[in-house]
Amino acid sequence: EDQVTQSPEALRLQEGESSSLNCSYTVSGLRGLFWYRQDPGKGPEFLFTLYSAGEEKEKERLKATLTKKESFLHITAPKPEDSATYLCAVQAMIKAAGNKLTFGGGTRVLVKP
Amino acid sequence: DTGVSQDPRHKITKRGQNVTFRCDPISEHNRLYWYRQTLGQGPEFLTYFQNEAQLEKSRLLSDRFSAERPKGSFSTLEIQRTEQGDSAMYLCASRGQGEDEQYFGPGTRLTVT
């Protein structure tokens, strides 16, 4: 069964203090790894898709990287508006359930001014 | 706004009552997913439609849950004889043909008292 584990569960940062979030996964053949941002009371907002080890994607202060066993989301010089829960999800190569997503528990990030 | 929409956004019901939620996917997205998210957890897959066909259901989806997608457009998720354990955020997502990313709606927050 596919599994995704995110760490830490929560992260408190000062504005400008860079950090990284970890997503470890086991999947029966990785089709894609996805990062989402979720604000309280809202649905997840798509950020990145990564397909193969060594791939990197960037958007503003966020950079996602992928290895064969884990992915990292690096937040560079965060601002208070980066405060959110960041979710990692995997999609298996096997064509089951329409390529459903299996999510981790998320990392709650709080950036203080 | 051409994103995924869900209705209602919030629903409070008494135990034993039936509830129905609606999801309108991004137009021309033929794949539609329902997920459930409890506080502090990542979303969990419930069911998947390709056009009007329901192709996969999670074992999380008990007999009290039923979903439909008539004409391959909007979808409904009905919960019969609600229980307190059904309290959660119900999320809908859609995906286009040839795409991997799933786009989520704002969710319906269900509270069973």
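General observations
- B:Leu61 being surrounded by 13 or more Cβ atoms within 10 Å (Cβ to Cβ) and without any contact (Cβ under 8 Å) to a residue 24 or more places away in the chain: yes
- Subset of the stretch B:6-52 [surrounded by fewer than 17 Cβ atoms within 10 Å (Cβ to Cβ), part of a strand (DSSP E or B) and at pLDDT below 95]: B:Gln50
- Every pair of residues 6+ apart whose Cβ atoms lie under 8 Å, when the first sits in the stretch A:15-44 and is facing another protein chain (nearest Cβ under 10 Å) while the second is of a type in the set (S, T, N, Q) and in a loop (DSSP other than H, G, I, E, B): A:Arg31/A:Asn99; A:Phe34/B:Gln102
- Qualifying residues in the stretch B:53-73 (those that are modelled with pLDDT of 95 or more and in a strand (DSSP E or B)) - the one nearest to the other protein chains (Cβ to nearest Cβ): B:Ala67
- Filter result for A:Glu17 (part of a strand (DSSP E or B) and surrounded by fewer than 22 Cβ atoms within 10 Å (Cβ to Cβ)): no
- Applying the condition of being more than 9 Å from chain A (Cβ to nearest Cβ) and in contact with a Phe, Trp or Tyr (Cβ under 7 Å, 6 or more places away or on another chain) to the stretch B:35-52 and asking which residue is nearest to A:Thr5 (Cα to Cα) yields B:Arg36.
- The C-beta contact set for the stretch B:85-113 (first residue touching a residue at least 12 places away in the same chain (Cβ under 8 Å) and closer than 14 Å to B:Ile26 by Cα, second residue buried (at least 19 other Cβ atoms within 10 Å of the Cβ) and basic (Lys, Arg), distance under 6 angstrom, 6+ apart or interchain) comprises B:Arg95/B:Arg31; B:Gln102/B:Arg95.
- One residue from B:Thr82, B:Thr76 being in contact with a Lys or Arg (Cβ under 9 Å, 6 or more places away or on another chain) and in a strand (DSSP E or B): B:Thr76
The values are calculated or read from the model by the stated rules, or taken from the named source; none is laboratory data. Keep in mind that this is a model prediction, so the values were computed, not measured. Here Cβ is always computed from backbone atoms with ideal geometry, including for glycine, and neighbour counts include all displayed protein chains.
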